[in-house]
Amino acid sequence: MIHPFTDLVKQFFPRVHAFMRAQLDILEEHSAIVAPFPGSAFSTVEFNFGDTPMHTRKDVRDAFHAPRVITILRDFNPLESAILMVPRDNLAMCCPPGSTIVIASSVKDFFFTKVKPGQMRYLFQQSFHSSIQGWIDRGFRSAAAYDAEATAEEKLEVETRSNAWVPFTVKLFSRLHELYA
């Protein structure tokens, strides 16, 4: 089963999806770590039960190139609550239960308004952890071990390989309103 979030990213951001999936394939090939769902391109899953904090910053652990995908679940009146606010883009978006939203990599601040008393909202989020590429590039070594053990030739090879992925990752350097235009 391929998770629908993966299909969403694959459809709209095929190069970013290819990068994320390639990183997870390497990770799965060389370690016991696997994606949260079979076939998923995301490395990280987060569930928020109940009312989430009023103001959220995009997690610094999210890879700079990768989207955060959020599905809003439960029972609430979307006209009274659960409105996504993105201050930098002057965007307010009503999010009925079951909505799935792609938060672009460039969006740093976003939040949901509070749900009304007696209503409940859950957030199911997937993202790609920023440490994965570095861990793979360093040969599954810590940064300190890599710095101490790697040869200059190995470091140049890692830098070259990392730079080769840059064209695959720049797709999401956009503002959120461009995704929903």
Pull up region 60-70, narrow it to residues that are in contact with a helix residue (DSSP H, G or I) (Cβ under 8 Å, 6 or more places away or on another chain) and either outside any loop (DSSP other than H, G, I, E, B) or crowded, with 16+ Cβ neighbours inside 10 Å (or both), then point me to the one that is modelled with the lowest pLDDT. His65
Identify the residue in region 108-157 that is assigned to a loop (DSSP other than H, G, I, E, B) and of a type in the set (S, T, N, Q) and, among all such residues, is modelled with the highest pLDDT. Thr151
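Mind listing whichever residues of region 158-181 are hydroxyl-bearing (Ser, Thr, Tyr) and at pLDDT 55 or above?
Residues satisfying the conditions are Thr160, Ser162.
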Here are some residues: Leu79, Leu91, Leu84, Leu73. Which one is touching a Cys at 6+ places or on another chain (Cβ under 7 Å) and either touching a residue at least 40 places away in the same chain (Cβ under 8 Å) or surrounded by 13 or more Cβ atoms within 10 Å (Cβ to Cβ) (or both)? Leu84
Out of everything in region 37-59 that is over 26 Å from Ala92 (Cβ atoms) and surrounded by 14 or more Cβ atoms within 10 Å (Cβ to Cβ), what residue ends up being modelled with the lowest pLDDT? Phe37
Inspect all residues belonging to region 4-13 and state whether any of them is basic (Lys, Arg) and modelled with pLDDT of 75 or more. yes
Hits in region 94-107 (condition: at pLDDT 80 or above, more than 12 Å from Phe76 (Cα to Cα) and crowded, with 18+ Cβ neighbours inside 10 Å): Ile101, Val102, Ile103
List every residue pair whose Cβ atoms sit under 7 Å apart, with the two residues 6 or more apart in sequence or on different chains, where the first one lies in region 22-37 and is more than 22 Å from Val9 (Cα to Cα) and the second, anywhere, is surrounded by fewer than 16 Cβ atoms within 10 Å (Cβ to Cβ). His30/Phe140; Ser31/Phe140
Checking Ser105 against (1) within 22 Å of Ala66 (Cα to Cα); (2) touching a Phe, Trp or Tyr at 6+ places or on another chain (Cβ under 7 Å); (3) part of a strand (DSSP E or B), the condition it does not meet: (3)
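The values are calculated or read from the model by the stated rules, or taken from the named source; none is laboratory data. It should be emphasised that the depicted structure is a prediction, and the values quoted were computed from it without experimental measurement. In this analysis, Cβ positions are derived from the backbone assuming ideal geometry, glycine residues included, and neighbour counts consider all displayed protein chains.
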